[in-house]
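Okay, so here's the structure we're looking at.
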Amino acid sequence: MRAAAIIAGKEIRDGLRNRWVIATTLLMTALALTLTLLGSAPAGTVGASPLEATVVGLSSLTIFLVPLIALLISYDAISGEFERGTMALLLSYPVSRSAVVAGKFLGATAILAVATVAGYGAGGAALALGTEAAEPEAWGAFVVMILSSIGLGMVFIALGYVASASVRDPRTAGGIAIGIWLLFALIYDMALLGLLAADQGKVMTSEVLNVLLIANPTDVYRLLNFTGFSELSQFAGMAGLAKQVYFSTPVLAAVLAAWIVIPLAWAAFLFSRREV
Amino acid sequence: MSGITVCLREVSKSYGSLAAVKGVSLELREGERVALVGHNGAGKSTLIKMMLGLIGASAGTVSVLGKDPSRRAAVETRSKVGYLPEHVALQPSMTGEELMAFYARLKHQPVSANQEILKRTGIAYAAHRRIATYSKGMRQRLALAQALIGNPRVLLLDEPTTGLDPALRQTFYTIVQELSVNGATVLLSSHALTELETQTDRVVVMNQGRKVADGTLAELRQQAQQPVRIKVTVDSDQVTFFPRIAGAGLEWRRVSERTFELCCRENEKITALKQVAGTSLPVSDIEIIDPTLDDIYAHFLYREAAE
């Protein structure tokens, strides 16, 4: 996929030039450092290590922030190029449409990965310098958090491409992207909680709940980060849930991967059918 | 098949109920410069986009360099095709050099060859500047430069000369000439035949999605049978004799004191001139007005409309 690599390189360069890379990196670094420094203060009173508290805090933040950044990077990628007229020229080159989607996806992922690793890495480094040695298991959770945050970003980049490939007007794509964000980051969980409360466990067995949870990528992310480690889940507000969740970390990772691959394939399909 | 680079057979394209192209057959050969002329909305851009595989044909077959461009298998043959879009859109945040490097890599061409192309299109001096700072003419030069990457065998230029300054137009035609001498097929679209002047070997006229004429300029002239006008000015003392002497079977009209005009067919032109020359009248001026390209073009459009 030579062409995809060339397009990915151009996307990264565009990201550097229009300050996307620097802006997202600074934003994530600032938030990670704030959470690290503030979050480590009250941790002592509830008996959690500062690192664990930081992982919980950053994960909660990631659920809202990373999908938003990912959608902002991606919603314009296809419809915007069509509108500006650059897509017709690009597609007249020896490049397959799937290579265009793959290249753009790789480029956007690289931008997001740099911002996540640099930002959260800075938070982790601040913590490592400032406190006594944390449990190795907690550092494992930290690494899982960074990797799954990038994964969550990839899910929403792919979803953003679906929005971008399905409509003509990039503004409409932007509207759909906001809808996707609201649905998965806010509405879905609120509706689920409402259902659980109203249902009183009659229809909503734990099996049904599990299926409903993995039907939302942000919940897959939650399960990966809040319930994979016993110490964390106790003060993440998800402890009750964790007892009923059967999914292991590899299974959750596979579900997240499916959440990346399926929307991306769908976006590529929509794009391949589109006429210039 | 040798020599044929682009081949369309009974190609149609419709968008819903709107038929943009209706049953067009067309063959373009190596080294040919072809003008594709028609109004806005006549189907020129649609035709070009089908040749590029950007859109698929609703009916009929399209073949470019032996492959159907809308198929996946044709992706690589596009490295031998150059395209200049109607509305040139180039990433404004990139410099000319960066843009050319990007496109050269996509076409598997050495980036080092770009400098030569940029010189040829006269934009090398601004190659290190951002495209956002370019004027329209500079953008057009850069857009032409990208179309020339990798010595294309087929060059599809969609309204390339619209709104160009004369200097750039000259550069443009010089390059087109060089390319066709080297065996490339060059297709230029335009909404006015006059814009293309004598720079093409062949003219294809499109109207409302149909091909209404196809041939060399001389052939089209012949087909159109537009009248030639001959104006003769004679010395004043001989005025009254002129119609009688030169008039054998031809209807000379007196348009002013000393000027007579004849509207005749292309093939009567020589006869009329011989008669005037044979009269030994003191003729002070002869003016022959051939039908203009616009007259010929209009002929094909109105003939279509009348049907």
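The values are calculated or read from the model by the stated rules, or taken from the named source; none is laboratory data. Model, not experiment: these values are computed from the prediction. For neighbour counting, all protein chains shown are included, and Cβ atoms are generated from backbone atoms with ideal geometry for every residue, glycine included.
Right, A:ILE178: more than 14 Å from chain B (Cβ to nearest Cβ) and surrounded by 20 or more Cβ atoms within 10 Å (Cβ to Cβ) or not?
No; evaluated as a whole, the condition is false for this residue.
State all residues of the range A:1-26 that are part of a helix (DSSP H, G or I), over 17 Å from B:TYR103 (Cβ atoms) and at the interface with another protein chain (Cβ under 8 Å from one of its Cβ atoms); if no residue qualifies, say none.
Matches in the range A:1-26: A:ARG17 only.
If you go through the range B:257-283, how many residues are loosely packed, with under 13 Cβ neighbours inside 10 Å and over 26 Å from B:ASP214 (Cα atoms)?
Residues meeting the conditions: 7.
Which of (1) at pLDDT below 95; (2) more than 9 Å from chain B (Cβ to nearest Cβ) is the odd one out, the single condition A:ALA102 does not satisfy?
(1)
For (1) hydroxyl-bearing (Ser, Thr, Tyr); (2) farther than 29 Å from B:MET50 by Cβ; (3) touching a Lys or Arg at 6+ places or on another chain (Cβ under 6 Å), each residue gets a yes or a no:
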{"site": "B:GLY82", "(1), (2), (3)": "no, no, no"}
{"site": "B:GLU98", "(1), (2), (3)": "no, yes, no"}
{"site": "B:GLY122", "(1), (2), (3)": "no, yes, yes"}
{"site": "B:LEU144", "(1), (2), (3)": "no, no, no"}
{"site": "B:THR161", "(1), (2), (3)": "yes, no, yes"}
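Tell me, please, whether a residue that is surrounded by fewer than 19 Cβ atoms within 10 Å (Cβ to Cβ), touching a residue at least 40 places away in the same chain (Cβ under 8 Å) and within 30 Å of B:GLU97 (Cβ to Cβ) can be found in the range B:207-219.
No, because not a single residue in the range B:207-219 is surrounded by fewer than 19 Cβ atoms within 10 Å (Cβ to Cβ), touching a residue at least 40 places away in the same chain (Cβ under 8 Å) and within 30 Å of B:GLU97 (Cβ to Cβ).
Would you point out which residue out of B:PRO92, B:PRO85 is surrounded by fewer than 18 Cβ atoms within 10 Å (Cβ to Cβ) and closer than 16 Å to A:MET87 by Cα?
Exactly one residue qualifies, and that residue is B:PRO92.
Tell me, which helices (runs of 4 or more DSSP H) lie completely within the range A:209-263 with 1 or more residues that are surrounded by 15 or more Cβ atoms within 10 Å (Cβ to Cβ) and at pLDDT 90 or above?
By residue number, A:217-226.
So is A:GLY153 over 15 Å from A:THR25 (Cα atoms) and more than 14 Å from chain B (Cβ to nearest Cβ) or not?
Judged against the criteria, A:GLY153 is not a match.
Residue pairs, Cβ under 7 Å, 6 or more apart or interchain, first in the range B:84-112 and within 11 Å of B:ILE149 (Cβ to Cβ) and facing another protein chain (nearest Cβ under 8 Å), second among the small types (Gly, Ala, Ser) and not in a helix (DSSP H, G or I). List them.
Close Cβ pairs (under 7 Å, with a partner that is among the small types (Gly, Ala, Ser) and not in a helix (DSSP H, G or I)) amount to B:LYS107/B:GLY150.
May I ask you to verify whether B:ALA73 is farther than 29 Å from B:HIS191 by Cα and either assigned to a loop (DSSP other than H, G, I, E, B) or free of Cβ contacts under 8 Å to residues at least 60 places away in the same chain (or both)?
yes
Conditions: (1) facing chain A (nearest Cβ under 9 Å); (2) more than 26 Å from the chain's Cα centre (by Cα); (3) hydrophobic (A, V, I, L, M, F, W, C). B:ILE55 meets all but one. Number of the miss?
So B:ILE55 meets the others, but not (2).
Of the residues A:ALA113, A:ALA77, only one is under 18 Å from A:LEU16 (Cβ atoms) and either surrounded by fewer than 24 Cβ atoms within 10 Å (Cβ to Cβ) or more than 14 Å from chain B (Cβ to nearest Cβ) (or both); which?
After applying the criteria, what remains is A:ALA113.
Taking the condition of being without any contact (Cβ under 8 Å) to a residue 60 or more places away in the chain, in contact with a helix residue (DSSP H, G or I) (Cβ under 8 Å, 6 or more places away or on another chain) and outside any helix (DSSP H, G or I), how many residues in the range A:71-92 meet it?
Counting residues in the range A:71-92 that are without any contact (Cβ under 8 Å) to a residue 60 or more places away in the chain, in contact with a helix residue (DSSP H, G or I) (Cβ under 8 Å, 6 or more places away or on another chain) and outside any helix (DSSP H, G or I) gives 1.
Could you look through the range B:16-40, keep only residues that are without any contact (Cβ under 8 Å) to a residue 60 or more places away in the chain and assigned to a loop (DSSP other than H, G, I, E, B), and pick out the one that is nearest to the other protein chains (Cβ to nearest Cβ)?
The extreme case among them is B:GLY16.
Looking only at the range B:58-83, which residues are polar (S, T, N, Q) and within 8 Å of chain A (Cβ to nearest Cβ)?
B:THR77, B:SER79
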